[in-house]
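A.B. asks: Handing you this structure, nothing more for now.
The values are calculated or read from the model by the stated rules, or taken from the named source; none is laboratory data. Only a predicted model underlies this, so the values are computations on that prediction, with no experimental measurement involved. All Cβ positions, glycine included, derive from the backbone under ideal geometry; neighbour counts span all protein chains shown.
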Amino acid sequence: MTEILLTGGGTGGHIYPNLALLPALERLGIDAVYGGGEGDTAECRAAKLAGLDYFGVPCVKFVRSLSPKALLRDLAIPRILSRGIAAAEEVLSTVSPALVFSKGGFAALPYVLAAAKSGIPVICHESDSTAGLSNRIAAIKGAIALTAYPGSRFGEFVGMPVREELFCKDAAAARASLGIPVSERVLLVAGGSSGAKAVNDAVFALLPHLKRRCVVIHLTGRGKAGDAPPADERYIPLEYSDDMGALYAASDVVLSRAGATAVAELAALGKRAVFVPLPKGVSRGDQIPNAKLAERHGGRTVRQDELATKLYPVLMQAFDAPPMTRISSDANGKIASVIHATIRRGVKCKDKKPSPNGL
């Protein structure tokens with residue numbers, strides 16, 4: 001089989017869309033390995049769980065802050081990135097992939113730059129309405145750009161890859177595994193990782209009211225379950241789940257941050273959903289247009305500064321609202337087809353113009 005290298009890391013939004021492509025790639029005779037950051041990273045754990053060979057290299061995240069600690073860390077970026085590129089070149093020399101597919105994030109950048117230096121074709125896929133730094137650099141280096149956001153000027157719209165296993169779950173079986181009667185209304189709360197605290201705090205405050213109206217499954221985020229109230233038959237706190245498909249299937253309404261992957265998955269599954277976008281400043285502001293896109297497809301939104309006053313009524317309205325509609329169709333197949341066609345053409349990644357740092 002032809003082999004490619006998938007790269008992207010730091011958050012699930014850079015990891016799970018990559019893994020979602022595996023069945024579509026396999027149907028086209030394309031095998032994959034995974035490249036990301038060194039050590040016990042989220043992308044390393046997910047790739048190995050998916051049965052992929054994993055290669056880690058040094059990488060560093062650009063921190064958007066003027067604090068002395070952040071500035072010192074950012075000053076180390078050229079040195080660490082140079083080491084990462086050299087290590088990624090060694091990996092590419094060993095694996096000899098026909099193509100590098102990047103979902104972006106700081107963990108992908110060494111591989112993108114190493115591939116550009118080696119003349120290996122690169123495709124980058126952007127989840128949000130505006131491109132992140134890693135994907136912007138990839139495009140400067142000549143990568144083929146794809147996007148999940150309709151109307152984005154960054155690249156060709158293909159949609160967001162969605163994991164096929166999410167569609168294979170039985171709602172009754174999922175509820176039975178959690179001890180939830182089929183007759184109950186169920187709210188799933190998935191606040192994410194770094195952005196979980198504000199959502200968690202709002203849910204904790206509303207819990208007495210929520211439990212009178214529904215059963216609450218609460219994904220608190222790793223290390224945050226200790227803050228949650230005790231579990232009972234109407235409140236199920238979990239730090240993390242490897243089976244989001246079952247939790248989605250068990251739920252009637254999902255409360256989530258507005259990450260691009262979450263919006264695409266919930267729309268594809270036809271769930272009723274309420275989104276709380278991370279405000280600008282906490283992130284680069286990409287979740288705000290994601291939430292607006294969700295609204296166009298039947299989702300509801302609550303701003304973080306309105307959680308105390310608006311979250312409960314909006315959640316109750318969502319139970320009786322129509323489900324979300326799909327944002328795109330067969331994104332997995334479309335992306336796999338672009339990868340297959342690029343490999344057949346042998347398109348090389350070449351500099352279009354020098355990058356600002358001369359990389």
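A.B. asks: Given the structure, is Gly245 touching a Cys at 6+ places or on another chain (Cβ under 8 Å) and small (Gly, Ala, Ser)?
C.D. replies: yes
A.B. asks: Applying the selection to segment 211-254, what residues are touching a helix residue (DSSP H, G or I) at 6+ places or on another chain (Cβ under 7 Å), in contact (Cβ under 8 Å) with a residue 60 or more places away in the chain and farther than 18 Å from Ala176 by Cβ?
C.D. replies: Arg213, Val253, Val254
A.B. asks: In addition: Considering only segment 223-280, state which residues are among the basic types (Lys, Arg) and buried (at least 22 other Cβ atoms within 10 Å of the Cβ).
C.D. replies: Passing the criteria: Arg257, Arg272.
A.B. asks: Which residue pairs have Cβ atoms under 9 Å apart, sit 6 or more places apart or on different chains, and have a first residue in segment 34-48 that is without any contact (Cβ under 8 Å) to a residue 12 or more places away in the chain and closer than 22 Å to Ser241 by Cα and a second that is surrounded by 23 or more Cβ atoms within 10 Å (Cβ to Cβ) and aromatic (Phe, Trp, Tyr)?
C.D. replies: Matching pairs, first to second residue: Lys48/Tyr34.
A.B. asks: Condition check: farther than 25 Å from Gly10 by Cβ and among the hydroxyl-bearing types (Ser, Thr, Tyr). Does Ser241 satisfy that?
C.D. replies: Judged against the criteria, Ser241 is not a match.
A.B. asks: Return the residue satisfying two criteria in turn: it lies in segment 169-222 and is under 12 Å from Ala246 (Cβ atoms) and small (Gly, Ala, Ser), and of such residues it is surrounded by the most Cβ atoms within 10 Å (Cβ to Cβ).
C.D. replies: Ala174
A.B. asks: Hey, which of the helices (runs of 4 or more DSSP H) in segment 161-280, taking only ones fully inside, have at least 1 residues that are among the aromatic types (Phe, Trp, Tyr)?
C.D. replies: 196-213, 244-250
A.B. asks: Would you mention how many residues in segment 307-334 are touching a residue at least 40 places away in the same chain (Cβ under 8 Å), surrounded by 14 or more Cβ atoms within 10 Å (Cβ to Cβ) and out of contact with any helix residue (DSSP H, G or I) (no Cβ under 7 Å at 6 or more places or on another chain)?
C.D. replies: Looking only at that region, the number is 10.
A.B. asks: Identify all residues within segment 2-30 that are at pLDDT below 90, in contact with a strand residue (DSSP E or B) (Cβ under 6 Å, 6 or more places away or on another chain) and either surrounded by 21 or more Cβ atoms within 10 Å (Cβ to Cβ) or at positive phi (or both); write none if there are none.
C.D. replies: Across segment 2-30, the qualifying residue is only Gly9.
A.B. asks: Which condition from (1) over 20 Å from the mean Cα position of the chain (by Cα); (2) closer than 30 Å to His209 by Cα is the one that Val338 breaks?
C.D. replies: With respect to (1) over 20 Å from the mean Cα position of the chain (by Cα); (2) closer than 30 Å to His209 by Cα, Val338 is out only on (2).
A.B. asks: Taking the conditions exactly as written (surrounded by fewer than 15 Cβ atoms within 10 Å (Cβ to Cβ), modelled with pLDDT of 95 or more and not in a helix (DSSP H, G or I)), does Gly51 satisfy them or not?
C.D. replies: yes
A.B. asks: Out of segment 319-350, which residues are closer than 30 Å to Val274 by Cβ, of a type in the set (Ser, Thr, Tyr) and at pLDDT 95 or above?
C.D. replies: Hit for segment 319-350 is Thr325, nothing else.
A.B. asks: Related question: Could you check how many residues of segment 139-180 are under 16 Å from Ala108 (Cβ atoms) and of a type in the set (Gly, Ala, Ser)?
C.D. replies: 6
A.B. asks: Taking the condition in contact with a helix residue (DSSP H, G or I) (Cβ under 7 Å, 6 or more places away or on another chain), closer than 16 Å to Asp128 by Cβ, assigned by TED's automatic domain parsing to the domain that holds Ala205 and at pLDDT 95 or above, does Ala294 pass?
C.D. replies: yes
A.B. asks: Would you call Ile144 β-branched (Val, Ile, Thr) and either touching a strand residue (DSSP E or B) at 6+ places or on another chain (Cβ under 8 Å) or surrounded by fewer than 22 Cβ atoms within 10 Å (Cβ to Cβ) (or both)?
C.D. replies: Yes, satisfied.
A.B. asks: Determine which member of the set Gly155, Gly119 is surrounded by fewer than 17 Cβ atoms within 10 Å (Cβ to Cβ) and either outside the structural domain of Asp286 (by TED's automatic domain parsing) or basic (Lys, Arg) (or both).
C.D. replies: Gly119
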